Amino acid sequence: MGIAQFEQFVLPHLIVGSRGPAPKLGLHAIFNYILRLLYLGCQWKELPIEKGQDGRPEIHYSRIYRMFRFWQAGGCFDAIFTGSVSALHAVNLLDTGVIHGDGTTTAAKKGGDNLGFSGHKKVKGDKVVAFCERRCNVIAPFVAAPGNQNESPLLREALPQVMRIARAVGFSLRGAIVSLDGAYDCRRNRKAIFNRGMTPNINANPRGRKKSKRGRKPFFDPAIFEERFNTIERVFAWEDKFRRLLHRFERLSQLHYAFKTLAYTLINLRHFSKN
């Protein structure tokens, strides 16, 4: 990340310790080392560190790890993500007429908290539910759960996060269409979407029925549903380019989720890097 982008999108949301000596390396360089680890997926001790004029590494990897833990505990990565959504809204790059949601499962390389065995994926790990809009911008923080938990109840936890970001940034989702697959097809999920002024576009789940369900058919537009392959599924494919997220290496879930939040932030900021 360049210095101009760092000062515009990242630096205002970083906190600096009030005690102890100032770091010899600038915050921009430390943050870029964290991004390098996110892209490479290596161990912290294997992080390639640049050499100084004396031929020694300019910083020890443990200092970078401590700054990462410090920023994660202070909520800096969540603030940076919210700032990326606000920046997209300021330049009219958000198309929130339709928002797409889905879940993805990440296999855990080691043990840790918030893990479960997914019988569908045949892996032990955790899952998240995220929302994006039509231009593949992630508009809300994801909701995480163990891999063995059903995704349907997670939607009712994710919707308040979506509305919170909308209020904080200043855009309205009233009248928007929420497109989801059949895993989220239930009366409680549809009611939760309706109560927030939005329209659910959920593919009906037959649940083994041999005959169609009686009553009025709920709204469903197949064309909108097909957009998910070029929106939310594309976002999850972009997420896989960050090799640190292909598997969950962290035993502490909040550290893994901090990397995931940072990856979604970079996906949102891709528009500004082109310029």
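The values are calculated or read from the model by the stated rules, or taken from the named source; none is laboratory data. Since the model is a prediction, treat every value here as computed from it, not as a measurement. In this analysis, Cβ positions are derived from the backbone assuming ideal geometry, glycine residues included, and neighbour counts consider all displayed protein chains. Side chains included, ligands, DNA and RNA excluded: accessible areas come from the protein's heavy atoms. Shrake-Rupley method; radii C 1.70, N 1.55, O 1.52, S 1.80 Å.
Candidates ARG174, ARG207: the one that is open to solvent by 50 Å² or more (accessible area, probe 1.4 Å), in contact with a Gly (Cβ under 7 Å, 6 or more places away or on another chain) and either free of Cβ contacts under 8 Å to residues at least 24 places away in the same chain or not hydroxyl-bearing (Ser, Thr, Tyr) (or both) is ARG174.
For the range 193-204, give me the residue count where each residue is at pLDDT 90 or above, under 14 Å from SER152 (Cα atoms) and surrounded by fewer than 19 Cβ atoms within 10 Å (Cβ to Cβ).
From the range 193-204, those at pLDDT 90 or above are 193-202; that's our starting set.
Checking the rest, the ones that are also under 14 Å from SER152 (Cα atoms) come to 193, 200, 202.
Retained after the next criterion (residues that are surrounded by fewer than 19 Cβ atoms within 10 Å (Cβ to Cβ)): none.
Summing the residues that are at pLDDT 90 or above, under 14 Å from SER152 (Cα atoms) and surrounded by fewer than 19 Cβ atoms within 10 Å (Cβ to Cβ) in the range 193-204 gives 0.
Only one entry of VAL169, VAL143 meets the criterion of being of a type in the set (A, V, I, L, M), touching a Ser or Thr at 6+ places or on another chain (Cβ under 6 Å) and under 26 Å from PHE259 (Cα atoms), and that entry is VAL169. Cβ-Cβ below 7 Å, separation at least six or inter-chain, first residue in the range 183-201 and at positive phi, second at pLDDT below 95 and open to solvent by 20 Å² or more (accessible area, probe 1.4 Å): which pairs? Once the first residue is at positive phi and sits in the range 183-201, its partners that are at pLDDT below 95 and open to solvent by 20 Å² or more (accessible area, probe 1.4 Å) give GLY197/ARG174; GLY197/GLY175.
From the list GLN43, GLN53, GLN8, exactly one residue is open to solvent by 80 Å² or more (accessible area, probe 1.4 Å) and over 26 Å from the mean Cα position of the chain (by Cα). Which is it? Quick ask: steps written out before the conclusion?
Values: GLN43 fails: over 26 Å from the mean Cα position of the chain (by Cα); GLN8 fails: over 26 Å from the mean Cα position of the chain (by Cα).
Within the list GLN43, GLN53, GLN8, the selection yields GLN53.
Among the residues of the range 56-79, how many are over 29 Å from VAL143 (Cβ atoms) and either among the hydrophobic types (A, V, I, L, M, F, W, C) or open to solvent by 40 Å² or more (accessible area, probe 1.4 Å) (or both)? The total comes to 7. Is it the case that the range 224-244 has a residue that's over 14 Å from the mean Cα position of the chain (by Cα), part of a loop (DSSP other than H, G, I, E, B) and more than 30 Å from ALA90 (Cα to Cα)? Looking through the range 224-244, none of the residues is over 14 Å from the mean Cα position of the chain (by Cα), part of a loop (DSSP other than H, G, I, E, B) and more than 30 Å from ALA90 (Cα to Cα). Within the range 253-267, residues that are within 17 Å of MET1 (Cα to Cα) and among the aromatic types (Phe, Trp, Tyr) have Cβ atoms under 8 Å from residues that are open to solvent by 10 Å² or more (accessible area, probe 1.4 Å) and part of a helix (DSSP H, G or I) in these pairs: PHE259/ARG244, counting only partners at least 6 apart in sequence or on another chain. Scoring ASP113 on the criteria (1) touching a residue at least 40 places away in the same chain (Cβ under 8 Å); (2) farther than 14 Å from ASN268 by Cβ; (3) buried (at least 17 other Cβ atoms within 10 Å of the Cβ); (4) in contact with a Ser or Thr (Cβ under 9 Å, 6 or more places away or on another chain) leaves a single failure, condition (3).
At least 1 residues that are of a type in the set (Lys, Arg) in each: list the strands (runs of 3 or more DSSP E) lying fully within the range 101-198 that qualify.
123-133
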